[in-house]
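Participant: The structure that follows is given in the form of structure tokens.
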Amino acid sequence: MQKFIITGGNRLSGEIELQGSKNSTLPIMAAAILAKDKCVLESCPNLADVYSAARILNSLGCKCSLVGNRAEIDSSEAEGSKIPESLMREMRSSIMFMGAILGRTGDCIFSVPGGCELGPRPIDMHLAALSKMGAEISSCGGEISCHMPKGKAHGARISLSFPSVGATENIILCAVLAEGETVINNAAREPEICDMCRFLRSCGAKIKGDGESRIVVEGVEKLHGCEYRIMPDRIAGATYLAMTAAAGGAMILKNACVAEMEPFISVLEQTGCFICAAENRIYLRRGGRLKAVRDRIRTMPHPGFPTDAQAILMAALATADGTSVFEENIFDCRYRHTDALIKMGADIQVMGKAAVIRGVNRLHGADVEATDLRGGAAMAVAAVGAEGTTRISCISHIDRGYEKFENMITSLGGRIIRE
């Protein structure tokens, strides 16, 4: 089992270029099934989850190849409708293939997905929405079967009880080739959904309102292939900014999605870091000790503070002057990283949805285990700013979301090796 060995204490300095977004790439790869043509994706990150998505596509009959940061997906001969259970277990976001396969074939068979253990992510909302669009749904032995009796979906008016990213994506993917108009009320507004919609429009889909709470999809007869560039990864960007804030120093983040990162940047600025953002670059400098964030940091659907950045910012605030409070409103089990930070010397108290972080003067190295993707990244953020050496095991979690993670840290002057 591989480990990251990080020796802290170095101030960071330099420039890095942001990878393409994992959370955009995966639904866009699923969406490529609908084109029945060749799609080329540029700025596609080399990640474990992306390779898992490619295996799912190939199992369905697509020809999917990944070379460098370019993915080529030819779905012209894809006829499969069943996702093997072994592939579903590899990542939780595999559920978004359901809407795309239904939209393509009118049938889909799958099992409950795997991935990070962040608490329950019920798919009832997905299934209820697809049922409104004409799907007949049954389950047996842990396997779920969806069938469109008329061969394809029909439009519907769907009001989500919560702005779920996955449910919004699945509805859109099923609706683009459906008969009639589909209206989604209380839709998720995350930038990655907008990126998927831009891709689908490039393939000929008719979608309006993405980025707002009401999305309208007018079904079309067919889609065509296209070439498309994936948006930058705002959570990876937040990670490297938080890491520089934790360790001290200055960095420039290139190929940044500035507007989409604003909910994170606006909170990070409250720590006393100097941040200047222009066009697609973000400059951050930390001089003295970080300050605690005065207002409670509440994770919320976009445009609120992203749940994926909660652990990352918490790691930086562990050595801030004063007390910061987080409130996690998206996932039940998103504080699993706190035990590792406490082992490194952090003063954190978790009470239900709230976590209280009282800043300490310094953290120290320790042997810790990544609990999930962002929790593992948070441990690396803390380790770069800590005294001594930290060994992080189970780094396969981190590899799911960060391309060339150790190379990025090394290029900023951090000391990290993979063993």
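Participant: Rg and Dmax of segment 1-108, using alpha carbons, in Å: what are they?
Facilitator: For segment 1-108, the Cα-based Rg and Dmax read 16.5, 56 Å.
Participant: If each residue's Cβ is checked for other Cβ atoms within 10 Å, how do His397, His154 rank with the fewest at the top? Intermediate results must be reported in sequence, preceding the final value.
Facilitator: Working: His397 23, His154 16.
Ordered by Cβ neighbours within 10 Å, fewest first: His154, His397.
Participant: While we're looking at this one, here's another question. Can you put Asp37, Asp49 in order, fewest other beta carbons within 10 Å first?
Facilitator: Numbers: Asp37 17, Asp49 23.
Fewest-to-most ranking of Asp37, Asp49: Asp37, Asp49.
Participant: If packing is taken as the mean number of other Cβ atoms within 10 Å per residue, what is the order of 174-180, 248-254, highest first?
Facilitator: Numbers: 174-180: 23.9, 248-254: 19.9.
With the highest mean Cβ count within 10 Å placed first, the list reads 174-180, 248-254.
Participant: To continue, here is another question. So for segment 128-184, Kirkwood radius off the Cα pairs, Stokes-Einstein at 25 °C and 0.890 mPa s: how many µm² s⁻¹?
Facilitator: Details: Rh = 11.8 Å.
Using the Kirkwood radius from Cα pairs, D works out to 208 µm²/s.
Participant: Can you give the calculated 222 nm mean residue ellipticity of the chain, where each DSSP H run of n ≥ 4 adds -39,500 (n - 2.57) and the sum is split over every residue, rounded to the nearest 500 deg cm²/dmol?
Facilitator: Numbers: 14 runs with 126 residues, N = 419.
Theoretical 222 nm ellipticity from helices: -8500 deg cm²/dmol.
Participant: Of Ala187, Ala346, Ala354, which is the most mobile in a GNM of the chain whose springs link Cα atoms less than 10 angstrom apart?
Facilitator: Of Ala187, Ala346, Ala354, the Gaussian network model singles out Ala354 as fluctuating most.
Participant: Let me ask something else about it. Consider all pairwise Cα distances in the chain and report the whole-number % of them above 35 Å.
Facilitator: Values: 23785 of 87571 pairs.
Roughly 27 percent, once rounded to a whole number.
Participant: Once R0 is set to 56 Å, what does the formula 1/(1 + (r/R0)^6) return for the Cβ-Cβ distance between Lys82 and Asn10, expressed as a FRET efficiency to the nearest 0.05?
Facilitator: On the way: r = 50 Å, r/R0 = 0.89.
After rounding, the FRET efficiency stands at 0.65.
Participant: Kindly state, to the nearest 0.05, the FRET efficiency for Glu179 paired with Arg418, given R0 = 56 Å and r defined as their beta-carbon distance. All intermediate terms of the calculation are to be shown ahead of the outcome.
Facilitator: Values: r = 51 Å, r/R0 = 0.91.
Using R0 = 56 Å, I get an efficiency of 0.65.
Participant: What number of lysine-lysine pairs in segment 140-273 show an alpha-carbon separation below 27 angstrom, given a sequence spacing of 8 or more or placement on distinct chains? Don't jump to the answer; show the numbers that get you there.
Facilitator: Values: Lys150/Lys206; Lys150/Lys208; Lys150/Lys222; Lys152/Lys206; Lys152/Lys208; Lys152/Lys222; Lys206/Lys222; Lys208/Lys222.
So the count of such lysine pairs works out to 8.
Participant: To the nearest µm²/s, what D does Stokes-Einstein give for segment 180-242 at 4 °C and 1.567 mPa s, using the Kirkwood radius over alpha carbon pairs as Rh? All intermediate terms of the calculation are to be shown ahead of the outcome.
Facilitator: Working: Rh = 13.1 Å.
The Stokes-Einstein estimate is 99 µm²/s.
Participant: Which whole-angstrom value gives the distance between the alpha carbon centres of segment 157-176 and segment 301-331?
Facilitator: Cα centres, segment 157-176 to segment 301-331: 27 Å.
Participant: Starting with the fewest neighbours, write out Glu279, Glu328 ranked by other beta-carbon atoms found within 10 Å of each beta-carbon.
Facilitator: Numbers: Glu279 8, Glu328 22.
So the residues, fewest neighbours to most, are Glu279, Glu328.
Participant: Shifting gears a bit: What does segment 234-383 give for Rg and for Dmax, in Å, if only its C-alpha atoms count?
Facilitator: 14.0, 40
Participant: Moving to a separate point now. So what's the net charge close to Gly322: Lys and Arg +1, Asp and Glu -1, counting the other residues with Cβ under 11 Å from its Cβ?
Facilitator: Values: positive: Arg289, Lys291, Arg294, Arg358; negative: Asp321.
Local charge sum for Gly322: +3.
Participant: Then there is this: Treat segment 82-223 as a sphere of radius equal to its Kirkwood radius over Cα pairs and apply Stokes-Einstein at 4 °C in a medium of 1.567 mPa s; give the translational diffusion coefficient in µm²/s, rounded to a whole number.
Facilitator: On the way: Rh = 15.0 Å.
It diffuses with D of about 87 µm²/s by this estimate.
Participant: Assuming R0 = 25 Å, can you tell me the calculated FRET efficiency for the pair Met1 and Tyr51, based on Cβ-Cβ distance, to the nearest 0.05? Could you put the intermediate results ahead of the total?
Facilitator: Values: r = 19 Å, r/R0 = 0.75.
That gives a FRET efficiency of 0.85.
Participant: On to the next question. Taking the DSSP beta bridges in the chain as the whole, what percent of them are antiparallel, to the nearest 5?
Facilitator: Details: 58 of 80 bridges.
Just about 70 percent of them are antiparallel.
Participant: Another question about this same structure. Starting from the Cα of Phe162, step 7 Å along the direction of its Cβ; do the same at Arg214; then give the gap between the two resulting points in nm.
Facilitator: Taking the simple label geometry, Phe162 and Arg214 are separated by 2.5 nm.
Participant: Also, quick follow-up: Give the residues of segment 1-33 whose amide nitrogen is closer than 17 Å to a point set 7 Å from the Cα of Arg229 in the direction of its Cβ.
Facilitator: 17-22, 24-25
FYI, it's all coordinate maths here, none of it is from the lab. Everything numeric in this text was worked out from a predicted model, so none of it was measured. Glycine also receives a Cβ, built like all others from the backbone with ideal geometry; neighbour counts cover every protein chain displayed.
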